[in-house]
Amino acid sequence: MKLAQTLLSAFVLMFMIACDAGPSPSSSKTSHVQQALTPLANKPNAPEFNLIDMDDEMHKLADYKGKPIIINFWATWCPPCREELPSMNRAWKKVKDEGIAMLAINVGEDEDTIFAFSGEYPIDFTVLLDESGQEINKWPIKGLPTTFVIDPDGKIIYQAIGGREWDDDKLLDMVRALKKS
Amino acid sequence: MIINYKSKKMNQKVVLLICSIMTFSFFVVSSTLKADEIKQNVELNIVKTVNKETQLSAWKLSKGNFQLELIQRSPEQTRSFFQGRGFSSKVANDIATSCVFQTIGRNTEADNKTDSVSVDLSEWRIAVADNKDKSAQAIKLKEDWNKEWKGAKVSVASRIAFRWATYPSEQSFEPGGDFNWGMISMGPKPDTTFDLHVFWKQGDKKHDAWIRNMQCPKDF
């Protein structure tokens, strides 16, 4: 009977070990972490830009003065950029009538590439093209995606390195709070 | 005596039954895992998995706020990526066969009041098993590649793609979801086995860990 008990204990132990599977290579999703935006202590001025959109219309940072802006830097070949796009579209639906601007600055790709990409991954808000990669160099960015939140006076208030679920009201409320009453 | 004999018989049956259940259950549970776990180093929390579809291996290290994933990229996958972005076949092949890993580093802590995590890839070292003097060597950073291409015909567009598709040599991750991803080239030839010595900081405190028996992806 003792042998049976020992075997039973061994079985339970083996079962527990087998069940304790390590995590498989995870996606870059951040859903397991409570999300936040990182405040920039020195609140630097956002660099001025002159970039065209998909219809060859020129956009400048100054065009958006007086509104909080969410500026996302991305590329079509960047998996976490693709992953956060649907949540950015949903966020845009929530804030587009609230006096908040949202821009997606593509880095290093041409209009045709982005056009082909948007067939599979529609982007509902303004896409700007930094094809030469000159504009991104003016921003404190080390990887894609990186997103900044600019206040109505053109200062960078928050940054997010890597993707976020942007339709989370916890994040959007931080942007809404920057609006001038 | 008869009772004793019956009891012994009974014991044997119970043992046989338990053994059968153990074997069966172990195989059932093991085979239903999403990925095949090969090795788990509990102390350092390093887990190796193999993707059943691609057969590519991945290593995941978790300690404190820091989580690091290193996923093999097949040379074919990397070659096509860079050729598709204007690199010559030679340069694309040089990168592809330099032991490239898709790397994701993140700060897993949600609380904004906790420490940031930072990595400096210039501190990372690899030790190759067949290296006679067993000395650790630095990994190949994006800056090293750029030096190699000085004067070479690598277009601006290709350099932009390379810059943003590769892992930054230095980066800090704040709590609340910060992470970054990108390719890291460890350096050795395809199918080489090596140990990787990883360094990172959580706040001001420096940490390190060895990830043993990593393999450069094979070039089929």
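Just so it is clear, none of the values below were taken in a lab; they were calculated from the coordinates. In this text the structure is predicted, and so the values were computed from the model without any measurement. Reconstructed Cβ throughout: ideal geometry from the backbone, glycine too, with neighbour counts over all protein chains shown.
Which part of segment A:102-136 falls in the paramagnetic zone of residue B:54, meaning amide N under 20 Å from the point 7 Å along Cα-to-beta-carbon? No residue passes the distance filter. Quick one: which of A:43/B:201; B:48/B:140; B:90/B:140; A:142/B:63; A:155/B:201; B:90/B:147 span more than 27 angstrom between C-alpha atoms? Correct reply: A:155/B:201. Spin-label model, residue B:207 to residue A:134: label points 7 Å out along the Cα-to-beta-carbon direction sit 4.3 nm apart.
Starting from the Cα gyration tensor of segment B:87-220, take the square roots of the eigenvalues, sort them a ≥ b ≥ c, and report rounded, prolate or oblate (rounded when a/c is under 1.5, otherwise prolate if a/b is larger than b/c, else oblate). Here segment B:87-220 falls in the oblate category.
Label-to-label distance, residue A:155 versus residue A:142, with points set 7 angstrom from Cα along the beta-carbon direction: 2.5 nm.
Subtracting the Cα-Cα distance of residue B:156 and residue B:123 from 0.36 nm times their residue separation leaves 9.0 nm of extension gain. Here B:163, B:125 are placed in order of increasing Cβ neighbour count within 10 Å, fewest first, which gives B:125, B:163. Charging the Cβ of each Asp and Glu at -1 and of each Lys and Arg at +1, and nothing else, the dipole of segment A:30-176 about its Cα centre rounds to 800 debye.
Assuming R0 = 60 Å, can you tell me the calculated FRET efficiency for the pair residue A:112 and residue A:40, based on Cβ-Cβ distance, to the nearest 0.05? According to the calculation, E is roughly 0.95. Treating r as the C-beta distance of residue B:112 and residue B:89 and R0 as 35 Å, the FRET efficiency rounds to 0.15.
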